[in-house]
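The values are calculated or read from the model by the stated rules, or taken from the named source; none is laboratory data. Computed from a predicted model, the values in this text were never measured in an experiment. Positions of Cβ are generated from backbone atoms using ideal geometry, with glycine treated the same way; all protein chains shown enter the neighbour counts. Only protein heavy atoms, including side chains, enter the accessible area calculation; ligands, DNA and RNA are left aside. Shrake-Rupley method; radii C 1.70, N 1.55, O 1.52, S 1.80 Å.
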Amino acid sequence: MRKWTVVFTFALLSLSGQAQEPAKEPTKEPAEGAAKEPIVITGGSAAAHAWIGDAVPFWVHLQNNGTERLSRVSAQLLGGSAQLGALCWQSGPSAQCSDTPADVMPGGSLLLSSTIKWDAAGEWRPQVLVLRQKLAAVAPTVSDPKVPVAASAVSLGSVTVESKRWSWAQWVVGAIGSIAMPLAVVALGALFSNRQKERETREQARLTREADDRLRQEHQLAENRAAAEKLEAENRLMQERHLAETRAEAEKIEAERRLKQERELAAARAASEAERDERAETWRLMLPKSHRYATRYYAALSGIADSLCESVKICREALEEPGEVAPRLGRVRYHIVMFYRVHRAFTNEVGGWYLKSRVAEELIVLTLDGIEASIFNGHMYEDASDAVTMILNNLEDGPSVMPPANFAKVLKEIEAKNPAEVDCLTFRLRDWMAQEGCDEGIAYFLLFARVLDYEMNRVYVNWYGEGQQLELDEREQKAVNRILAANPKKAGLIEKYLAETTGRARAQN
């Protein structure tokens, strides 16, 4: 009976779905003055119930209310366990079916009808994915593949899919249930009566057990109370003993700690005194050497660097006056030769820089590299560098640092012994001073003089009672920045050195 009821209900639902199928456009017209959606897509299925393997009709309606033509419209079923039938595309209610949809012009519509066949039972909510491409209304008929494709998922409602075999099995189970129900009621009544008697018997036994358990618990509580009092007394005695032992151990540890601390303080005091003695001995040996190098080489190099910068400034102002350039250019050449003469003598005798800061020594070396790169530009002006070497070789006799009164004599001696080298060096210096790179070279000379002056006076802070700060102007700071950029691995140490000596957080542009 139930089977026929289900079949009859499914038939009514199918008929109602078929009766509603012609109304394939349930969309309501928007109220007057309200904005229409550019693209409206609706859909639905013709039945809410189906058997496995039955083809359930559905429809999808696409209305183009926009101003763009819709092209390359397609549809596909979302989800598995279902098969999509042949697609029927109609441009209007009376149009013929086509397996390929036509373009939908603005104001037009497109109707899709087909069937869905499910392979498994369940409560299904089918959805159809509609793909389309928007094109301008005046565009050619061929769609542009570069235009993005829009997608919309259309719900077709809910469809219950059942298996015919499962429906028959349910009907058989229902029939058996109608016959077995009275027998089950009688059996349950007898079972309930037996259960009631057993419950009363168990209740009586439970009350007896509870009375016995209470008596046993009272005896057990008395015994536990006595045992607890005995255990508490033993614990108090044990805690007192433990506290006494702990106090004695703590006093012993404290005595050992004080003894160890006194020994460490004595050792630290001895190490500090040894370090102070070693530092004093080091200064006793190094200060005279540092003073000798400062008076013999450092001060001379710093003074020549400052004089060279001043000579270059004066000579650059007279580059356009041939009569004034020659003597001024000779003074620049003299200072260049004297600078490298003192530097060569210092290198031959000392071999390296002996300053208070190792970072300052590295900064001095990098500054000298910048000076040489600015004047001789690596291998590009190697002949000028060789000319300086030849002139120095011919001036080896005599003191390394000559007084200013010997300027004219030394200049004539240089020109007499090395006419070709003088011409080569003069040409390079004139070319160097006419270029923008000369400013960078002058900045390196100034930075070299400032750092060397600071380090020369830094070792006498104990004598004067106060120290000075390293002061750098804008040109010298730019030279520092170029050195930092060219030597990133040493930039951190140099910046820390400048922060300590100049009082700045770090080198600024």
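Go through the range 44-100 and count every residue that is under 47 Å from the mean Cα position of the chain (by Cα) and open to solvent by less than 30 Å² (accessible area, probe 1.4 Å).
Adding up the residues that qualify gives 6.
Of these, Ala274, Ala299, Ala318, which one is modelled with pLDDT of 85 or more and surrounded by 10 or more Cβ atoms within 10 Å (Cβ to Cβ)?
Being modelled with pLDDT of 85 or more and surrounded by 10 or more Cβ atoms within 10 Å (Cβ to Cβ) holds for just one of Ala274, Ala299, Ala318, which is Ala299.
Can you name every residue in the range 112-130 that is in contact with a Leu (Cβ under 7 Å, 6 or more places away or on another chain) and not in a loop (DSSP other than H, G, I, E, B)?
Leu112, Ser114, Ile116, Gln127, Val128, Leu129, Val130, listed by residue number.
Since Val332 meets every condition but one in (1) modelled with pLDDT of 85 or more; (2) β-branched (Val, Ile, Thr); (3) closer than 17 Å to Ser290 by Cβ; (4) more than 42 Å from the chain's Cα centre (by Cα), which condition does it not meet?
(3)
Looking for something of a type in the set (Asp, Glu) and either outside any helix (DSSP H, G or I) or modelled with pLDDT under 85 (or both) - is there at least one such residue anywhere in the range 360-381?
no
Just give me the residues in the range 356-387 being more than 42 Å from the chain's Cα centre (by Cα) and touching a residue at least 60 places away in the same chain (Cβ under 8 Å), in sequence order.
Ile375
Look at the range 416-441 and say how many of its residues are without any contact (Cβ under 8 Å) to a residue 60 or more places away in the chain, open to solvent by 80 Å² or more (accessible area, probe 1.4 Å) and under 19 Å from Arg328 (Cβ atoms).
Counting residues in the range 416-441 that are without any contact (Cβ under 8 Å) to a residue 60 or more places away in the chain, open to solvent by 80 Å² or more (accessible area, probe 1.4 Å) and under 19 Å from Arg328 (Cβ atoms) gives 3.
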